[in-house]
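Comments concern the structure below.
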Amino acid sequence: MKLATWNVNSLKVRLPQVLQWLADNPVDVLCLQETKTIDEKFPQAEIEAAGYHVVFSGQKTYNGVAILSRHPMTDVVRNNPHFADEQQRLIAATIKGVRVICAYIPNGQAPDSDKYQYKLRWLDGLQQWLTLEVAAHPKFALLGDYNIAPDDRDVHDPAAWVGQILVSEPERAAFRRMIDLPLADSFRLFEQPAKLFSWWDYRQMGFRRNFGMRIDHILLSPALAAACTACVIDKVPRKWEQPSDHTPVVATIELV
DNA sequence: ATGGCTTGTAGGACAAGA
């Protein structure tokens, strides 16, 4: 079973790339973030025509998440039952016995901003929900744009980012609390080359200079981590014309 | 260097992302 996550920065703009990527990479599950479309305008027919079931939770202009799956989905939940939020950032479904949560964790804007406080409260609420979901589902996966670089290894220039969002200690502490549930960062289950990232700034030729961050993650429960045989960041779509600033991350799990 | 790109909303700048 292959599970993938991709922040597409507008599904309207990126739909052709999503369909192309799925044709090239027929994963079982693809979690999307920043669809930026209301449900009435979600391109459900196009995705189903590509052979995928799809569930989604969107809003106007911002945020928006979706799960695409080769297999039927059950027990779909939109938003966090333990954290009231008008922003559409979470959707969950069960696929072949695997509980999947697709998350678009808030960006936080700046450490002294209200949005940063919202991010930390949002992460507290997520932790409450995760605690219950991990206990209820031995096969559990949390995929998405975390907007957290867990480690200095995940930052192109750690010195330049000290004290900023994505790397601040409270954010990293929230990430470690998820790891302590326990959940495994599937990327770090394997030897990885240095300086591998999942996001690069559009500006200043960030991708060409590899000025990036690893902020998109696939966390796995112990049962799934034990069956995980690979986790790769696919940089190919970031090289396409008019790319998202994020690129897909894919975990392979050998379910028995 | 608080901006550099990109997107959505609008139908002109501006908010937001990370």
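A short reminder: the numbers here are calculations on the coordinates, not readings from a lab. Because the structure is a prediction, the values reported are computed rather than measured. Quick reminder, even Gly has a Cβ in these numbers, built from the backbone with ideal geometry, and neighbours come from all protein chains shown.
Quick rundown of the values:
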{"read-out": "Sequence-distant residues sharing a close amide H with residue A:218 (under 5 Å, placed H)", "value": "A:186, A:187"}
{"read-out": "Cα shape, the stretch A:163-202, gyration tensor, a/c 1.5 rule", "value": "oblate"}
{"read-out": "Value of Rg/Rh across chain A [Cα atoms, Kirkwood radius]", "value": "0.93"}
{"read-out": "Cα-projected label distance for residue A:96 with residue A:239, points at 7 Å along beta-carbon direction, nm", "value": "2.9 nm"}
{"read-out": "Antiparallel bridges, percent of DSSP beta bridges restricted to the stretch A:1-135 (to nearest 5)", "value": "80 percent"}
{"read-out": "Share of pairwise Cα separations in the stretch A:91-159, more than 19 Å, in percent", "value": "45 percent"}
{"read-out": "Rg over Rh [alpha-carbon atoms, Kirkwood Rh] for the stretch A:138-234", "value": "0.98"}
{"read-out": "Relative contact order, percent, the stretch A:1-158 [alpha-carbon distance under 8 Å, six or more residues apart]", "value": "19 percent"}
{"read-out": "Cα-Cα separations in the stretch A:87-205 greater than 17 Å, expressed as whole percent", "value": "60 percent"}
{"read-out": "For the stretch A:234-250 and the stretch A:129-182, distance of Cα centres in Å", "value": "22 Å"}
{"read-out": "Mean shadow area of the stretch A:217-256, taken as a quarter of the surface of its Cα convex hull (nm²)", "value": "3.2 nm²"}
{"read-out": "Hz values of 3J(HN,Hα) by residue in the stretch A:234-240 - Karplus curve (6.51, -1.76, 1.60), Gly and Pro given as x", "value": "9, 7, 4, x, 5, 8, 6"}
{"read-out": "Kirkwood-Stokes translational diffusion coefficient of the stretch A:188-256, alpha-carbon pairs, 4 °C, 1.567 mPa s, µm²/s", "value": "98 µm²/s"}
{"read-out": "Debye-sum result for the stretch A:12-132 in log10 I(q)/I(0), which assumes one identical scatterer on each alpha carbon, at q = 0.22 Å⁻¹", "value": "-1.28"}
{"read-out": "Disulfide-incompatible cysteines by the Cβ rule (no partner under 4.7 Å) in chain A", "value": "A:228, A:231"}
{"read-out": "Exposure proxy ranking, count of Cβ atoms within 10 Å, fewest first, for A:62, A:104", "value": "A:62, A:104"}
